[in-house]
1. Taking ALA96 as meeting all but one of (1) away from the ligand (no atom under 11 Å from the Cβ); (2) modelled with pLDDT under 95; (3) of a type outside the set (Val, Ile, Thr), write down the number of the exception.
2. Of the residues ALA165, ALA131, which single one is under 12 Å from the mean Cα position of the chain (by Cα) and at pLDDT 95 or above?
3. Please verify whether VAL81 is closer than 26 Å to ALA176 by Cα, among the β-branched types (Val, Ile, Thr), within 9 Å of the ligand (Cβ to nearest atom) and surrounded by 24 or more Cβ atoms within 10 Å (Cβ to Cβ), treating the condition exactly as stated.
4. Just the residues that are at negative phi and assigned to a loop (DSSP other than H, G, I, E, B), please, taken from segment 44-54.
5. Only residues that are among the basic types (Lys, Arg) and either under 22 Å from GLY159 (Cα atoms) or under 16 Å from the mean Cα position of the chain (by Cα) (or both): list them for segment 1-48, please.
6. Keeping to segment 53-71, report how many residues are more than 8 Å from the ligand (Cβ to nearest atom) and at pLDDT 95 or above.
7. I need every pair where a residue in segment 24-47 that is modelled with pLDDT of 95 or more has its Cβ under 9 Å from the Cβ of a residue that is surrounded by fewer than 18 Cβ atoms within 10 Å (Cβ to Cβ) and of a type in the set (Val, Ile, Thr), sequence separation at least 6 or different chains.
8. Looking at segment 1-43, which of the residues that are charged (D, E, K, R) and not in a helix (DSSP H, G or I) is nearest to the ligand (Cβ to nearest atom)?
Amino acid sequence: MGERKLWSGEPVGGNPFALPRGPLGVAAGWVLARANRRQQAEILEALAPGHYRSVLEVGCGPGVLLDLLASAPGVEEVAGVDPSRQMVSMARRRNAAALRAGRLRVHPGSAGATGEPDAAFDLVVTVNTVAMWPSLDDSLAELYRVLRPGGRAAVSWHGASSRFALTDEEDARVLAALRRRFGAAERRELGSAVLFEARR
Ligand SMILES: C[S@@+](CC[C@H](N)C(=O)[O-])C[C@H]1O[C@@H](n2cnc3c(N)ncnc32)[C@H](O)[C@@H]1O
């Protein structure tokens, strides 16, 4: 991502992977679906989904993790939000059967404004979006709001081996912001990702 200043209050723009738009955005969606598949599977395993009935994925991109979540044991209701129209369409197409079956819905929304009701989810997960949030604190407040008491927030980003890895300072800021909002938070490293977790 070159020189970057995260969480400055400005919405992301310009990078088709950060906010996929137009025909280039659709191409970016195909690349994302392929490039991040392994990470999504690792995250699903780390989340051990047997304990969650309702799950929200924020910044679902082309919908690969939504697909895994919709067929995970114990999960009855899955919602996905993304600010990109192209990603919402791709995620809906990829998950057409679960949508038809009423187990999944996907709509426009962002980490700062999911459009979901208070205390609605057992798990809120977001993968490779935290660096795109205009504000860490505002977005974490929104994730907190839509979680049920006792519900889990899981924020994942590319791991240390990736050229997109967070700097130590950015990494520490995510953990500190989670602790501010949730009271406690943990960080662990998976094979290809870092996973920050907290409970409401
Ligand atoms: C790098 S892609 C990751 C997509 C998918 N989660 C994955 O891991 O493959 C970043 C995604 O974040 C979305 N995004 C951008 N700004 C966002 C925000 N403020 N809140 C939530 N998602 C955002 C983009 O539209 C895009 O789908």
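1. Of (1) away from the ligand (no atom under 11 Å from the Cβ); (2) modelled with pLDDT under 95; (3) of a type outside the set (Val, Ile, Thr), only one is false for ALA96: (2).
2. ALA131
3. So VAL81 passes the test.
4. Listed by number, the residues that qualify are TYR52, ARG53.
5. ARG4, LYS5, ARG34, ARG37, ARG38, listed by residue number.
6. 10
7. As it stands, the answer is none, since no pair meets every condition given.
8. Out of the qualifying residues, it is ARG21.
The values are calculated or read from the model by the stated rules, or taken from the named source; none is laboratory data. Computed from a predicted structure; not experimentally measured. When we count neighbours, we look across all protein chains shown, and the Cβ atoms used for this are built from the backbone with ideal geometry, even at glycine.
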